[in-house]
Structures are given as C-alpha cells and as structure tokens.
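Okay, structure first, notes after.
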Amino acid sequence: MLIYRISSPFKFDARALSLTCKVCKKYQSTETRLDHVGTMLPESGMENSYRVGQTFLHKVFAYRGVIIHPWTANISEQSKYQASSFPDNTNTDPAKSKALKNETYYQVLMDSRDLPYNRDEAFFVTTIKTDPSQSSETMTGIQTVPGVDYVSHQDVLPYSSIEEVPIQNDLFKLFFDQNQESKQFQSTDRLHTWKNNNYNSLKMDKVYKETTGEIRVTAIPFFLGMKNSTGSHLQEYWWRYSIRVENLGDKSARLQERHWRIISNGSVKTVRGRGVTGKEPILNKDNPVFQYCSHMSLPSTSGTMWGTFRFERENGEQFDARIPAFALETS
C-alpha cells in the first residue's frame, strides 16, 4: 500500500493516519498537493521489535523518523481516579503503582523537515558534558540534541521510503549507511560510539501513566548525572523528564495550570504555575496530545515527583488531572 504526504495549510487528524495511510504537513501555502512518500510495511505485533534503521511515520505526531535504539520499559499505570481534588493522602510511592507489562519504546531520529510542525521543547534528548580529569559521572554541563524522541511501539507505522535519503537530519548520514545487498539502513560505528558514550543519559526503563476521567498523563524520567554546585561543596543530581498529556474524550479541554510536588531528603517542595513551557495547550479532537520535556535537579540521589494539571472546559468547568508519581533515581 502506498503512503502519501498531503502538503496543505489545513490541519491533519493524525489519529486517522493508520486508516488513511496519508500524512499531512502544514505548509505556508494555500496550495494543496499530494506527495508520494513511500510504501507502508506490515506492522509488527507487540512481541516483535522493529529493527534499528527502520523508517516509520509517527501515528500521533505524523513525523517521519528512523529507529536508533530499542528500549524495554516497565509500564506502571495507576487505576482511574475520578476525583477532581488533590488529596493529601496521595500514594507517592511509584513502586506501589500497578505494573501492567513491559513494552518496547524506541529512541528515534526525526526528519528535520517535520520539526517546524512540531515543537522543539517536545522533541530532544539531553546528554552531559564531562571533565576528563574527573569521574565520568560528574557533569560540567548539559547539552541538548534536537530532533530525537522516544516512541511507543504502538505509535510506529513502518514504511519504505522512495527517497534515496529518507530522513533529512544532519545526524542521519553520520549514524546510518545503506547495506548494498539488502538496501536496508544499518548503524555506523559513529552511532554505536554515540550511544555507548551517552548510554546513562539516554537509557529509559520505566514509564508511568495515570488516567483521570478522559485525561491520561504519561511521565518518563531520565537520570543525567551529578554536578558539583558552584561555590560550594554540595552536589546536584540532574534528571530530564518527558510528559505526554492526552485527551481521550471528545470534549475540548485547556491545560491552564500545573501543580507539582517534589519529595527529596524528607522535605516536600511545591511548584505552581500557569500552563506548561509557557503555553496553555488546548486538547481536542484535532489536537488530542501535547508533549514536552523539562529538567529537575535535587541535592540527593533520589526523589519523587507527582502533581496535577488544572484543565478548563469550553463551558467554564474546571477539573484536575493527576500526574503519576514517578521516581527520580540514579540507577
């Protein structure tokens, strides 16, 4: 089955992707055209992982990408919680979450042509800078690599591209070359070196989910490393975390506020603010998912984060959706 990309200024319903086999990109033009992208391949069941080098379309965000590395993650999911208030007796122990299954997630490289239609703050990884004279776990700084994402097996739509270079990204030619016999793309030594050098900050093994009514929140933490605080002998431990918020229903809802609680060394810190990453995203049938990444530092080797997102319906009704408690661990 052929796959087409619709070049149009109009919005595309990404949830229809697997049914229509078409990908729509938003261009600054009033012209609509149909571009042949490639041929859809059979989807693999949950028990079979896609290979490194497989090109795919993201079923939700509709970007083109290529698989860099598969990770097996433990999925911990809380049962539905219908109350709209933030209870004081919240279970904040992630270990007590109901672990439903293991699932494959893929670290992927995105096509830079599709990045303008997604947001930079949602799709990047963080690696650390180190001083060769110090421990390899001691950070001197952090650096972000844009155009890298982590994708659930269920969100992958594999395809074979008609383009000689299927993914436009500065890292693609460094990370992949083409097997002349099979014509499949395979890892280069450069990709192996990059993954080995940054293994600790790229590793993912736990995914936390919680559903409140029709809102599901997914959190994925990544430990980065330890950094000596400037001007003191104190140490800071750094994490990156990815948050995905999904509206599973038909009613529109605006994310207005965030309310975080962070436990570390027996103390609780509260953080409140408007929206997330400076935005108040509206989740509706056309745009049901919002994703972003952020960073957190603690003075101890472990902690726990949890919280709520305050939403408002079009009729003014407000409700809170719970953010699952997730562990910040160094190992």
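The values are calculated or read from the model by the stated rules, or taken from the named source; none is laboratory data. Everything numeric in this text was worked out from a predicted model, so none of it was measured. Using ideal geometry, Cβ is built from the backbone for each residue, glycine included, and neighbour counts are taken over all protein chains shown. Quick note on the areas: whole protein, heavy atoms, side chains included, nothing else; ligands and nucleic acids left out. Shrake-Rupley method; radii C 1.70, N 1.55, O 1.52, S 1.80 Å.
Of the residues PHE309, PHE319, only one is hydrophobic (A, V, I, L, M, F, W, C), touching a residue at least 40 places away in the same chain (Cβ under 8 Å) and open to solvent by 10 Å² or more (accessible area, probe 1.4 Å); which? Being hydrophobic (A, V, I, L, M, F, W, C), touching a residue at least 40 places away in the same chain (Cβ under 8 Å) and open to solvent by 10 Å² or more (accessible area, probe 1.4 Å) holds for just one of PHE309, PHE319, which is PHE319.
Here the helices (runs of 4 or more DSSP H) wholly within the stretch 147-211 that include at least 2 residues being touching a helix residue (DSSP H, G or I) at 6+ places or on another chain (Cβ under 9 Å) and among the hydrophobic types (A, V, I, L, M, F, W, C) are 172-175, 189-197. Looking at the stretch 88-98, can you tell me whether even one residue there is at pLDDT 80 or above, open to solvent by less than 20 Å² (accessible area, probe 1.4 Å) and touching a Phe, Trp or Tyr at 6+ places or on another chain (Cβ under 8 Å)? No: the stretch 88-98 contains no residue that is at pLDDT 80 or above, open to solvent by less than 20 Å² (accessible area, probe 1.4 Å) and touching a Phe, Trp or Tyr at 6+ places or on another chain (Cβ under 8 Å). For the stretch 102-131, filtering for residues that are open to solvent by 50 Å² or more (accessible area, probe 1.4 Å), within 28 Å of GLN54 (Cβ to Cβ), modelled with pLDDT under 85 and not in a loop (DSSP other than H, G, I, E, B) leaves 2. When only residues in the stretch 198-215 that are within 17 Å of the chain's Cα centre (by Cα), of a type outside the set (A, V, I, L, M) and open to solvent by less than 60 Å² (accessible area, probe 1.4 Å) count, which is modelled with the lowest pLDDT? Among residues in the stretch 198-215 that are within 17 Å of the chain's Cα centre (by Cα), of a type outside the set (A, V, I, L, M) and open to solvent by less than 60 Å² (accessible area, probe 1.4 Å), the one modelled with the lowest pLDDT is SER201. Scanning the stretch 304-331 for residues that are under 24 Å from SER252 (Cα atoms) and outside any strand (DSSP E or B) returns GLU314, ASN315, GLY316, GLU317. Can you find a residue that is open to solvent by 20 Å² or more (accessible area, probe 1.4 Å) and either at pLDDT below 85 or of a type in the set (A, V, I, L, M) (or both) anywhere in the stretch 142-151? Within the stretch 142-151 (the criterion being open to solvent by 20 Å² or more (accessible area, probe 1.4 Å) and either at pLDDT below 85 or of a type in the set (A, V, I, L, M) (or both)), the answer is yes, since at least one residue qualifies.
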